[in-house]
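What follows is a set of notes on a single structure, which appears directly below.
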Amino acid sequence: MEEKIITSNQPEAPAKKKRIFSAIQPSGQMTLGNYLGAIRNWVEMQDEFDCVYATANLHAITVRQDPKKLKENTVNLFALLIASGVDPEKSIFFHQSQVAAHAELAWVLETYTQFGELSRMTQFKDKSARHADNINAGLFTYPSLMAADILLYQADMVPVGEDQRQHLELTRDIAERFNGIYGKTFVVPEAYIKKNAARVRNLLDPSKKMSKSDPNTKSFILMTDEPATIMKKFRSAVTDSEASVRYAEGKDGINNLMEIYSACTGKSYEQIEDEFRGKGYGDFKTAVGESVVAVLEPIQIRYKELLSDKKHLEELARNGAASAERIARRTIEKVYKKVGLVR
Ligand code: TYM
C-alpha cells in the first residue's frame, strides 16, 4: 500500500477517471473481429473509465456510399453496439456527424499533418489499391479526422485493434507537434490494444485480418450471422495437415481459431490444447463455432428488439451528441484561439 500524507481535514476529491474515446465506421456489417477486437473492450471499459464512443460516419464517406444504406448502416451499428452492452447511461454515445467540431478540428489538424506521414499509412495504401477509381483527398487525410475525434475529447486512451496502431501513433505525433507550438492544448493519447484476440484473422486466408470487405463471405463471421451460418463458416475455415490443436508458428489457421475460442470462452491456449489432445480438427471447429454462437446469439436478440423502436434510438443518439458537444466545444474554442482564427 502506498502511504498517504493527509495535510488537510477536507475529504479527498475522488480521483478523476481517465477519458476513453473510440469509434467504429458504419461501413456495412460488423464482424467477429470488430466484436472481439474492439466492441467487447468498449463494454468492459465503461465501469472504470469516462467513455465517449461514436459511429464514425464521416470516415465512412471516404469510400463511395449509397446515402440510404449509409444511414441505415449507421443506425444499425448504433443499435448493435447498445445490444452488445454499450450503455448510453454510463457512456456518451453518438454519431460523429452530429457534432460539427469533428470536421472543424479535422481541418485545422490537417494543416499540422505532413504529406509524407499520410503517404506512409498502410490503410491508405490498402484502400487506395482497392478503390483505385476513387482515391479522394478524404481517404488520404482520414487519419487527421481520426486525430480530431480523439483530441477533441482530450482522451487519455483509445481502445482499438492492432490495425489502427499506426493511426494512433500519428495522432500522438500531431498532438505533440501542436502542443510544442502552442503550449499544452491536447492530452497525448495512448493506444489501448488488448493482447488477447486483438487480431482476428480471415478464416480462409489467415495471413489477412478478418474484414467484411473481403469478397468471399465465408472468410468472415458477421455479428448478425445466423447460428447455422456461423457453424458452416467455421467448418470451412482453413487449417493445416498436422491434425494437432496447438498454438505454433506456421499454423496460422489453427492459431486464429484458438484465438477466437480463447476469446469466447476465457480458456488459455494450454487449456485448449489439453481439451483437444487426440481429437481431430472437426471437433475443434464445432467447439469454436458453438462458443461464438453462445456469445453472439443474446446480442442478436437484443439487437432486433432495439431496432423495433427507431424513435428511441434517435433520442439516445441526440442526448449523447448534446453531451459530446459540450466537451468538444471547449477544445475547439481553445484551438481556434491559439491558432488565431476569428470567431
Ligand atoms: P474500423 O471501423 O475499421 O474498425 C473498428 C474497430 O474494430 C477493430 N477491428 C479489428 N480488431 C481485431 N480484429 C479485426 N479483424 C478487426 N477489424 C477491425 C479496429 O481496430 C477498430 O478498433 N478509423 C477507425 C474508426 C475511427 C476511430 C476513431 C477509432 C474513427 N475515428 C477514433 C478510434 C478513435 C476504423 O476505421 O475502424
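The values are calculated or read from the model by the stated rules, or taken from the named source; none is laboratory data. Remember, it's a predicted structure, so these values are computed and weren't measured experimentally. Reconstructed Cβ throughout: ideal geometry from the backbone, glycine too, with neighbour counts over all protein chains shown.
Going through (1) free of Cβ contacts under 8 Å to residues at least 12 places away in the same chain; (2) touching a strand residue (DSSP E or B) at 6+ places or on another chain (Cβ under 9 Å) one by one, Leu81 falls short only on (1).
Among what's in region 154-164 and is modelled with pLDDT of 95 or more and of a type outside the set (Val, Ile, Thr), pick the residue that is nearest to the ligand (Cβ to nearest atom).
Kept after step one, since they are modelled with pLDDT of 95 or more, are these residues of region 154-164: 154-158.
Now narrow it down to the ones that are of a type outside the set (Val, Ile, Thr): 154-157.
On the way: Gln154: 13, Ala155: 8, Asp156: 13, Met157: 10 Å.
Result: Ala155.
Taking region 283-304 as the range and being more than 17 Å from Met223 (Cβ to Cβ) and touching a residue at least 24 places away in the same chain (Cβ under 8 Å) as the test, the residues that pass are Phe284, Lys285, Thr286, Ala287. Between Leu145, Leu151, Leu168, the distinction of being in the same structural domain as Thr31 (by TED's automatic domain parsing), more than 8 Å from the ligand (Cβ to nearest atom) and not basic (Lys, Arg) belongs to Leu151 only.
Can you say whether Asp214 is assigned to a loop (DSSP other than H, G, I, E, B), surrounded by 13 or more Cβ atoms within 10 Å (Cβ to Cβ) and modelled with pLDDT of 95 or more, as far as the supplied structure shows? Before the answer, list the steps.
On the way: assigned to a loop (DSSP other than H, G, I, E, B): yes; surrounded by 13 or more Cβ atoms within 10 Å (Cβ to Cβ): yes; modelled with pLDDT of 95 or more: no.
No: the conditions fail for Asp214.
A residue that is within 15 Å of the ligand (Cβ to nearest atom) and outside any strand (DSSP E or B) occurs somewhere in region 236-249.
Search region 237-252 for residues being of a type in the set (D, E, K, R) and surrounded by 13 or more Cβ atoms within 10 Å (Cβ to Cβ), and hand back the single one that is nearest to Lys267 (Cα to Cα). Explain how you work it out, then say what you get.
Initially, region 237-252 is screened for residues of a type in the set (D, E, K, R), giving 240, 242, 246, 249, 251-252.
So of that shortlist, the ones also surrounded by 13 or more Cβ atoms within 10 Å (Cβ to Cβ) come out as 240, 246, 251-252.
On the way: Asp240: 22, Arg246: 13, Lys251: 19, Asp252: 19 Å.
The residue in question is Arg246.
When region 247-306 is filtered for residues that are over 22 Å from Asn202 (Cβ atoms) and of a type in the set (S, T, N, Q), the ones remaining, listed by number, are Ser268, Gln271, Gln300. Considering (1) within 14 Å of the ligand (Cβ to nearest atom); (2) of a type in the set (Lys, Arg); (3) more than 28 Å from Ser91 (Cα to Cα), the lone condition that Lys232 does not fulfil carries the number (1). The residue of region 12-39 that is farthest from Thr217 (Cα to Cα), among those that are within 7 Å of the ligand (Cβ to nearest atom) and in a loop (DSSP other than H, G, I, E, B), is Gln25.
Can you confirm whether Lys285 is more than 23 Å from Asn76 (Cβ to Cβ), of a type outside the set (Asp, Glu) and under 24 Å from the mean Cα position of the chain (by Cα)? Let's see the steps before the verdict.
Details: more than 23 Å from Asn76 (Cβ to Cβ): yes; of a type outside the set (Asp, Glu): yes; under 24 Å from the mean Cα position of the chain (by Cα): no.
The answer is no for Lys285.
Just one of (1) surrounded by 17 or more Cβ atoms within 10 Å (Cβ to Cβ); (2) over 16 Å from the mean Cα position of the chain (by Cα) fails for Ala15. It is (1).
When you check Asp133 against the structure, is it outside the structural domain of Phe49 (by TED's automatic domain parsing), acidic (Asp, Glu) and either part of a helix (DSSP H, G or I) or surrounded by fewer than 22 Cβ atoms within 10 Å (Cβ to Cβ) (or both), yes or no? Criteria not met by Asp133.
Of the residues that make up region 273-293, is at least one under 21 Å from Gly161 (Cβ atoms), aliphatic (A, V, I, L, M) and either surrounded by fewer than 19 Cβ atoms within 10 Å (Cβ to Cβ) or not assigned by TED's automatic domain parsing to the domain that holds Trp42 (or both)? Yes, some residue in region 273-293 is under 21 Å from Gly161 (Cβ atoms), aliphatic (A, V, I, L, M) and either surrounded by fewer than 19 Cβ atoms within 10 Å (Cβ to Cβ) or not assigned by TED's automatic domain parsing to the domain that holds Trp42 (or both). With the structure loaded, tell me whether Arg302 is among the charged types (D, E, K, R) and not in a helix (DSSP H, G or I) or whether it fails that test. Against the criterion (among the charged types (D, E, K, R) and not in a helix (DSSP H, G or I)), Arg302 does not qualify.
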